[in-house]
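Participant: Attaching a single structure in C-alpha cells format; questions to follow.
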Amino acid sequence: MKDLVGRVSALDPDAGAAVKVIAYFDRLGETRAGLEAIVRAAAVLAGCPTRLVDDERHLRIRALPDGRHEDAATPPDPGWPTEQVRSGSARLWLERPTPAGPIDAIVLERAAVAARGVLDRAWGGAAGRAPREDPALVELLLNPGASDQARLRAARTLKLEENALFRAVAVAGGAARIERSTTAPPEPGTRQGPPERLGVGRAVPVLELPGSFRSARLALRLTAEGTEQDPGPRVVYADDLGALELLAAAVDPGGRQDVPDVRALDRAGAAAPWMLATLHAVAQAASVRSAAGELTIHHSTLLDRLTRGEHLLGWNVRTPQGRLRLQLAFAVRRLLRHPDPRTPSPPAPAPA
C-alpha cells in the first residue's frame, strides 16, 4: 500500500491523498476500531473538528484536529459537510463551512462507513454478530458519552452480566479491555509481571464502567517499565492509589513541567545503571536492610550506594520525609514519562 500511495502521489497528489485516507480507514475497520478512534482519525485527516451525533442512541463524540476529544458546546451547524452514518439520526459532521473539498468528502464517506460497522455490531445489522472481545463495543461500554441504553446493549452483545462487577483495564499503547472482578485486587506481592503495562480500574457495575476506565487510565500513568531506568510496577490497581489519584489528575499529561526532583532522579540514573533501581527499592521497602535483601546485595554495599545517591539527589532518603519525597519524585517521573493513553499520537494528516 505504501508503494501504491507513493506511485499515485507522484502522478496526482490529490489522488495519492485519497488512497492514503481510504487505506487508513480500511485499517481501522480491520482492527475493529471504536467510534472515538474513527472520529479522531477523521478530525486529524480533515484538519478540523469532527463530531458523530446519534440522538436516537444518545451518542455524541467530538474530536479536535490534534487528536484530543472535547465535548461540543453547541449543536451541529446545518451548513457543515455531513454524511449519514446509519438509518435514523446518526450523522458525521466536519465542523467547517461547505462545500467540502474532494479529500474532505472521502474522509467523511470512509469514516461514516467505519462508524456504521461499529453501530451495526452494537445494534445488529449487516455486519452480523459481534465477537466476544470486540474492541469497538468495549469502547462503547467505556465511553462516558454513550447512553445507558447503548451501554447495556453493548454489554448484552458481549455477554456481560448486568448484575456482576467488572474492572476496566487500560493497556499501554491506548488499548482497553474489561475484566470480571474478583472480590478484591491481588495483594501487591502476588502480581506477576505482564508483557505490557496495565492500569486496572475499580470494580463497578456495567453502567459505571466509564468511571472505572477513568481510574484505570490514571493508574496506567503510574506504572513503570520495570527496567533499571524506569523501575517500578508494571501493573497498578486504582484501588491502591489513594491520594496519588489526585496527583495523577493534577500532573499535565503533556509532560512539559520542569520538576527539580525529577531532574535529580534523571541525573542520578545517568550516574550509574543501578542507581534508580537502588533508590526505588529504598523508597518502597520497609527498611534499608530489607531493600538490600530485595536487591540481593550486602547491607554495607547498599549504604555506600545510598551515600552516593543522596549526594546526587541533594536530600537524605533515609528519613520518613526524605523517603516520601523520593516516592513522590518517582511517581511524578512516571506521570511525565507515560502520558494519558486517551490521547495517543494521531494519524499523519493527508496531504493538502
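Participant: Could you please give the count of residues in segment 221-276 that are basic (Lys, Arg), in contact with a Leu (Cβ under 9 Å, 6 or more places away or on another chain) and farther than 24 Å from Pro195 by Cβ?
Facilitator: 2
Participant: Only one of (1) open to solvent by 30 Å² or more (accessible area, probe 1.4 Å); (2) in a helix (DSSP H, G or I); (3) of a type in the set (D, E, K, R); (4) within 23 Å of Gln149 (Cα to Cα) fails for Glu56. Which number is that?
Facilitator: Going through (1) open to solvent by 30 Å² or more (accessible area, probe 1.4 Å); (2) in a helix (DSSP H, G or I); (3) of a type in the set (D, E, K, R); (4) within 23 Å of Gln149 (Cα to Cα) one by one, Glu56 breaks only (2).
Participant: What number of residues in segment 238-287 are among the aliphatic types (A, V, I, L, M) and more than 24 Å from Pro320 (Cβ to Cβ)?
Facilitator: Total meeting the criteria: 5.
Participant: Touching a Phe, Trp or Tyr at 6+ places or on another chain (Cβ under 7 Å), in a helix (DSSP H, G or I), within 28 Å of Leu218 (Cα to Cα) and modelled with pLDDT of 90 or more - does that describe any residue in segment 319-327?
Facilitator: Yes, that holds for at least one residue.
Participant: Of the conditions (1) touching a residue at least 60 places away in the same chain (Cβ under 8 Å); (2) open to solvent by less than 80 Å² (accessible area, probe 1.4 Å); (3) in a loop (DSSP other than H, G, I, E, B); (4) not basic (Lys, Arg), Ile61 fails just one. Which one is it?
Facilitator: (3)
Participant: Let me ask something else. Go over the candidates Pro78, Pro97, Pro49, Pro102 one by one and state the one that is in contact with a Phe, Trp or Tyr (Cβ under 8 Å, 6 or more places away or on another chain) and either open to solvent by less than 10 Å² (accessible area, probe 1.4 Å) or not hydrophobic (A, V, I, L, M, F, W, C) (or both).
Facilitator: Criteria check complete, one pass: Pro97.
Participant: For Arg86, indicate whether it is of a type outside the set (S, T, N, Q) and touching a His at 6+ places or on another chain (Cβ under 8 Å).
Facilitator: When the stated conditions are applied, Arg86 does not pass them.
The values are calculated or read from the model by the stated rules, or taken from the named source; none is laboratory data. Since this is a predicted model, take the numbers as computed values, not measurements. A quick note on method: Cβ atoms are made from the backbone with ideal geometry, for glycine too, and the neighbour counts reach across all protein chains shown. Just so you know, the surface numbers come from the protein's heavy atoms only, side chains and all, with ligands and any DNA or RNA stripped out. Shrake-Rupley method; radii C 1.70, N 1.55, O 1.52, S 1.80 Å.
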